[in-house]
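The values are calculated or read from the model by the stated rules, or taken from the named source; none is laboratory data. What you see is a predicted model; the values in this text were computed from it and never measured. No Cβ is skipped: glycine too gets one built from the backbone with ideal geometry, and neighbour counts run over all protein chains shown.
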Amino acid sequence: MPWGQVVIGPPGSGKTTYCTGMSEFLTGLGREVAVVNLDPANDTLPYKCAVDISDLITLSDVMDNLKLGPNGGLIYCMEYLEKNLDWLKEQLEKVKVNYILFDFPGQVELYTHHNSVRNVLAELQKCGYNLVAVHLVDSHYCNDAGKFVSVLLTSLSTMLQMELPHVNVLSKADLIERYGKLAFNLDFYTEVLDLNFLLEHLQDDPVFQKYKKLNEALIGVIQDYSLVSFVMLNIQDKESVLRVMKSVDKANGYVFGDTEERNIQSLLSCAVGAEFEYDKIKDVREKYMDVDAKTEDQDDSS
């Protein structure tokens, strides 16, 4: 019974770096892991690749031979993969481990409204793969109200389109305040709390003032679904990677599987192992944000 992480997200969000770091982390824990590259534009791989889509098709060949741009070329590549799914299945059968990281392209359209990736993953699920989508977005988008709303909409659209258990990740946590201090506490962004406060910031921006009704409608959609939340990640921080791993293992059911030795105590520990939100963001606040934690703690206690 194989398990897998489907690593997706916008360009530059750190998908390949995540696959490299997570595979090394899991290997260090004694878990046998393989990485499958399904990004036809990724011609420089920092990890050992068990299956590489470049053996089937590459973006550069498509662009040269069909005279397509990068976006159209990636869509063509994913459609080609869908039509040649037997090739992927044959390659995966040669992979003799039960845990796989799938490194996908960074084109957002592939996950928000195009069907090829979803269809490929649906077929893998029929073959017995227990998959979870790990959706990475840059954490520094929290600094801009308009960009954060865009991140929320993209994450929500991806969740609805992909039809998989989903873990949304704010990557590069060490850069979260790269462009200035956050307007709200960190848990406002990770738990996606009352977005009406965010709406006030949008209305104060001259660029967004004329879109008041549109902003209200978009935020209303996000809150009506109430599906999106985030886990913070710095791939260089073992505690951060461990927290993401635990979220992923619960989402794809690995924690309840039979590949590794488990007992009733470990299952009960998982069932009651929910963290308070403060504990989940404490490390990020203390290590990477310009926050006087002691002062805030005193304010909270009072």
task: Inspect all residues belonging to the stretch 9-26 and state whether any of them is surrounded by 18 or more Cβ atoms within 10 Å (Cβ to Cβ) and acidic (Asp, Glu).
output: no
- request: Scan the stretch 203-225 for residues that are in contact (Cβ under 8 Å) with a residue 12 or more places away in the chain, surrounded by fewer than 18 Cβ atoms within 10 Å (Cβ to Cβ), under 23 Å from residue 158 (Cβ atoms) and not aliphatic (A, V, I, L, M) and jot them down.
  value: 216, 223, 225
query: If only one of 22, 78 is at pLDDT 95 or above and over 17 Å from residue 124 (Cβ atoms), which one is it?
result: 22
The stretch 32-58, residues that are surrounded by 18 or more Cβ atoms within 10 Å (Cβ to Cβ) and farther than 18 Å from residue 105 by Cα: 33
task: Having 1 or more residues that are of a type in the set (A, V, I, L, M, F, W, C) and over 22 Å from the mean Cα position of the chain (by Cα) is the bar; report the helices (runs of 4 or more DSSP H) wholly within the stretch 113-229 that clear it.
output: 196-204, 206-209, 212-225
query: Being more than 21 Å from the chain's Cα centre (by Cα), β-branched (Val, Ile, Thr) and assigned to a loop (DSSP other than H, G, I, E, B), is that true of even one residue in the stretch 51-67?
result: yes
Residues located in the stretch 78-97, provided they are under 25 Å from residue 14 (Cα atoms) and either surrounded by 19 or more Cβ atoms within 10 Å (Cβ to Cβ) or basic (Lys, Arg) (or both): 78, 81, 88, 92
